[in-house]
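Single-structure report; data block below.
None of the figures in this text is laboratory data; all of them are computed from the coordinates on show. Everything quoted here is computed from the prediction, not taken from an experiment. We place every Cβ from the backbone using ideal geometry, glycine too, and count neighbours over all the protein chains shown.
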Amino acid sequence: MVTPASLARLRALYPFTSRFFDRGGGVLQHYVDDGEGDPVVFVHGNPTWSFTFRELIQALRGSHRCVAVDHVGCGLSDKPGDDAYAYTLRTRVDDLEALLAHAKVGGRVTLVAHDWGGAIAMGWATRHPEAVARVVLMNTAAFPVPATKSLPVLIKLARSPLGALLVQRFNAFARGAAVVGMSATRLSPEVRAGLLAPYEGPGDRLATLRFAEDIPLSPSDPAYAPLAEMDARLSLLAGKPRLLVWGAKDFVFDLAILREWQLRWPDADTAVYDDAGHYVLEDAAARVVPRVVEWLAAHPVG
């Protein structure tokens, strides 16, 4: 868990009021709810947390209601064991649905999502297409990974018995991603500490492992069916403003995955950053944040 001292240091970069939602069984899910206006919902991936959207939230909260979730097991949310929580894609989508209902996020929602957050956000969006105003996706997928694509070494390692030990005992996945997720720049010590802070103790890292294990490689894997279902329903979002923001040097969601999105959404706007990696909001923040702000302003909610 994040210690009070760590949280105090984070607040300079992450100056938001913490809110909590009991998603059931006494498991508390943390979220940010800042600003007023048309709602923008931020959905993070693995092994990050709502901290990754901090600069975009600060740029938008003067004109939008910004709601950023921390998935259970991530960020400032509770980190239960497998006996108290099902670490699956379906559960994650259910959690997002319940939290937005709890927070009374109404009207038409703009979704901003990265990594696993794209699948979780699109799971909710394809359940509620009428509630979606705009979509901004960053280095993510919401469909089964093509069979021709092999898993990156870091993910293969995390899915092995040795990797599971390294992830839970030494925080190998989050620490590794903080290196290979960058391409154009390096994380500052303060930002690196912020990304890693929720996963400081061995008991804090189960979600990062379970996310890696949940990547479906065949139809028999639990996440395959929900991903295939949402893939079949992505066309329900056709006609809505959609922006694909891509770090071209991503070690997992590379340009081949971007092309998969473009096949599904050929009319989506695209912003590719040739020198940026998976952590595109860290690697190219000075370019990505204003680009997203300008795009939202050019596509107002009707």
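If you rank V69, V245, V292 by fewest surrounding Cβ atoms within 10 Å, what's the result?
Least to most surrounded, the residues fall as V292, V245, V69.
Give the shape of region 178-243 as rounded, prolate or oblate, defined through the alpha-carbon gyration tensor: a ≥ b ≥ c are the square roots of its eigenvalues, a/c under 1.5 means rounded, and otherwise the shape is prolate if a/b is larger than b/c and oblate if not.
oblate
With charges set only on the Cβ (+1 for Lys and Arg, -1 for Asp and Glu), what does the dipole of region 4-298 come to about its Cα centre, in debye to the nearest 20?
In debye, rounded to 20, region 4-298 gives about 240.
Which of the lysines could a cross-linker span from K240 if the Cα-Cα distance has to be under 23 Å and same-chain partners fewer than 8 positions apart are dropped?
Once the sequence-local lysines are set aside, what remains near K240 is K104.
Place a +1 charge on the Cβ of each Lys and Arg in region 72-131 and a -1 charge on the Cβ of each Asp and Glu, then give the dipole magnitude about the Cα centre in debye, rounded to the nearest 20.
Using Cβ point charges on Lys, Arg, Asp and Glu, region 72-131 gives about 240 debye.
Could you tell me which residue out of G106, S235, P300 lies farthest along the dipole of the chain toward its positive end? Charges go on the beta carbon: Lys and Arg +1, Asp and Glu -1, centred on the Cα centre.
Working it through, the farthest residue towards the positive pole turns out to be P300.
HN-Hα J couplings of region 224-238 from phi, Karplus 6.51/-1.76/1.60, θ = phi - 60°, integer Hz, Gly and Pro as x?
Taking θ as phi minus 60°, the curve returns 5, 4, x, 5, 5, 5, 5, 4, 5, 10, 4, 5, 5, 9, 4 Hz for region 224-238.
Given H placed 1.01 Å from N in the peptide plane, which residues other than close sequence neighbours of C66 have an amide H under 5 Å from its amide H?
Amide H neighbours of C66: D34, G35, V40.
If Lys and Arg each add +1 and Asp and Glu each add -1, what is the summed charge of the other residues whose beta carbon sits under 13 Å from the beta carbon of A86?
Summing Lys and Arg as +1 and Asp and Glu as -1 gives -2.
Sort T185, T148, T52 by Cβ crowding within 10 Å, fewest neighbours at the top.
T148, T185, T52
What are the ³J(HN,Hα) values, in whole Hz, obtained from phi via the Karplus relation 6.51 cos²θ - 1.76 cosθ + 1.60 with θ = phi - 60°, for each residue of region 282-293 in sequence order, with x given for Gly and Pro?
Rounded to whole hertz, the list is 9, 5, 9, 4, 5, 9, 6, 4, x, 5, 5, 4.
Residue-wise, which Karplus ³J(HN,Hα) couplings in Hz belong to region 126-132, taking 6.51 cos²θ - 1.76 cosθ + 1.60, θ = phi - 60°, and x for glycine or proline?
Once θ is set to phi - 60°, the couplings for region 126-132 become 6, 7, 10, x, 5, 8, 9 Hz.
Once you keep just the Cα pairs under 8 angstrom separated by 6 or more residues, what percentage relative contact order results for region 4-298?
With pairs under 8 Å counted, the relative contact order is 19 percent.
Only helical DSSP H runs with n ≥ 4 go in: add -39500 (n - 2.57) per run for the chain, normalise by residue count and round the 222 nm mean residue ellipticity to 500 deg cm²/dmol.
About -11000 deg cm²/dmol.
Can you check what the net charge comes to around A276, using other residues whose Cβ is under 11 Å from the Cβ of A276 (Lys, Arg +1; Asp, Glu -1)?
Value of the local net charge: -3.
Can you tell which of P189, P146, P80 shows the greatest fluctuation in a Gaussian network model of the chain with Cα springs below 10 Å?
Between P189, P146, P80, it is P189 that shows the largest mean-square fluctuation.
Between region 133-150 and region 26-62, how many Å separate their Cα centres?
21
Lysines within cross-link reach of K79: Cα-Cα under 24 Å, excluding same-chain residues under 8 positions apart?
Cα-Cα hits under 24 Å: K156.
Nothing charged except the Cβ atoms of Lys and Arg (+1) and of Asp and Glu (-1): what's the magnitude of the dipole of region 101-217 about its Cα centre? Round to the nearest 20 debye.
Roughly 100 debye, rounded to the nearest 20.
Using a ≥ b ≥ c from the Cα gyration tensor of region 87-137 (square roots of the eigenvalues), is it rounded, prolate or oblate, where a/c under 1.5 gives rounded and otherwise the larger of a/b and b/c decides, a/b for prolate?
oblate
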